[in-house]
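Asks: The structure under discussion is supplied below as structure tokens; questions concerning it will follow.
Just so it is clear, none of the values below were taken in a lab; they were calculated from the coordinates. Quantities reported herein were computed from a predicted structural model and do not represent experimental measurements. Quick reminder, even Gly has a Cβ in these numbers, built from the backbone with ideal geometry, and neighbours come from all protein chains shown.
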Amino acid sequence: MTVHLHARAVFDWTEWAESLSAEVHRPERAEDGSDYFDAWVAALTDLLERKGLADRETVEALRESWQRAAEATPHGAPIELSNDPMRV
């Protein structure tokens, strides 16, 4: 999604890199990088929110839906949002 938004000039790569770097280097982040995915999502969420393109609650709801979809998808199958058992 990040690459797709960048390709459509929603933000430039420097802007993205600065957002991600700020999030990755927050003091509460795991030293071993095990929460890198969470940092990526938080950085993208912040960037979209600052640009007025999405609110934090909507992005968080989608993140949770993708997580449930991933957990419900059999190994080797493509993860699709429709796999979320709670999606209506």
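Asks: Between helix 13-24 and the chain, what is the angle of the helix's C-alpha long axis to the longest principal axis, kept within 0 to 90° and rounded to the nearest 10?
Replies: Between helix and principal axis, roughly 80 degrees.
Asks: Moving on to the next point. For the chain, what is the mean residue ellipticity at 222 nm derived from helices alone (per DSSP H run of n ≥ 4: -39500 (n - 2.57); sum divided by total residues; nearest 500 deg cm²/dmol)?
Replies: Estimated from H runs of four or more residues: -18000 deg cm²/dmol.
Asks: Which label marks the calculated value of Rg/Rh (Cα atoms, Kirkwood Rh), given the options (1) 1.05; (2) 1.00; (3) 1.10?
Replies: Label (2) holds the value from this structure.
Asks: Tell me, which longest segment in the chain has none of the trypsin sites (Lys or Arg not before Pro) that fall in DSSP loops with at most 14 further Cβ atoms within 10 Å?
Replies: Looking at the chain, 9-50 is the longest stretch - no exposed trypsin sites (Lys or Arg not before Pro) with at most 14 other Cβ atoms within 10 Å.
Asks: Not counting the cut sites, what is the longest span of the chain without GluC sites (Glu not before Pro) that DSSP labels loop and that have at most 14 other Cβ atoms within 10 Å? Let's see the in-between values first.
Replies: Numbers: sites that count: Glu28, Glu31, Glu80.
Counting only loop sites that pass the neighbour cut-off, the longest clear stretch is 32-79.
Asks: Another question, if that's okay. Could you tell me the ratio Rg/Rh of the stretch 1-41? Both radii from Cα atoms, Rh via Kirkwood. Let's see the in-between values first.
Replies: Details: Rg = 11.4 Å, Rh = 10.9 Å.
Result: Rg/Rh = 1.04.
Asks: Hey, what did the stretch 1-54 get for relative contact order, percent, Cα under 8 Å, at least 6 apart? Could you put the intermediate results ahead of the total?
Replies: Details: 27 pairs, mean separation 18.7, N = 54.
Relative CO of the stretch 1-54 lands at 35 percent.
Asks: May I pose another question? Show me the chymotrypsin sites (Phe, Trp or Tyr not before Pro) within the stretch 1-75 that DSSP assigns to loop and that have at most 14 other Cβ atoms within 10 Å of their Cβ.
Replies: Of the chymotrypsin sites (Phe, Trp or Tyr not before Pro), not one in the loops of the stretch 1-75 has a Cβ with at most 14 other Cβ atoms within 10 Å.
Asks: On C-alpha positions alone, give me the angle between the axis of helix 36-50 and the longest principal axis of the chain, in degrees, nearest 10.
Replies: Value to nearest ten degrees: 70.
Asks: Still on this structure, I have one more. Under a Cβ-only charge scheme (Lys and Arg +1, Asp and Glu -1), can you give me the dipole magnitude of the stretch 1-54 about the Cα centre, in debye to the nearest 20? All intermediate terms of the calculation are to be shown ahead of the outcome.
Replies: Details: 5 positive and 11 negative charges, 63 e Å.
With Lys and Arg at +1 and Asp and Glu at -1, about 300 debye.
Asks: On to the next question. Suppose the chain between Leu81 and Glu49 were pulled fully straight at 0.36 nm per residue; how much longer would it get relative to their current alpha carbon spacing?
Replies: Working it through step by step, the gained length comes to 9.3 nm.
Asks: Quick check: net charge around Trp40, other residues with Cβ under 12 Å of its Cβ, Lys/Arg +1 and Asp/Glu -1?
Replies: Taking every other residue near Trp40 into account, the sum is -2.
Asks: Stretch Met1-Asp38 to full length: gain in nm at 0.36 nm per residue minus the Cα-Cα span? Before the final figure, lay out the partial values.
Replies: Numbers: separation 37, 0.36 × 37 = 13.32 nm, distance 1.45 nm.
That works out to 11.9 nm of additional length.
Asks: Can you tell me the orientation of helix 56-72 relative to the chain, as the angle in degrees between its alpha-carbon axis and the longest Cα principal axis, to the nearest 10?
Replies: Between the helix axis and the principal axis of the chain, the angle is about 40 degrees.
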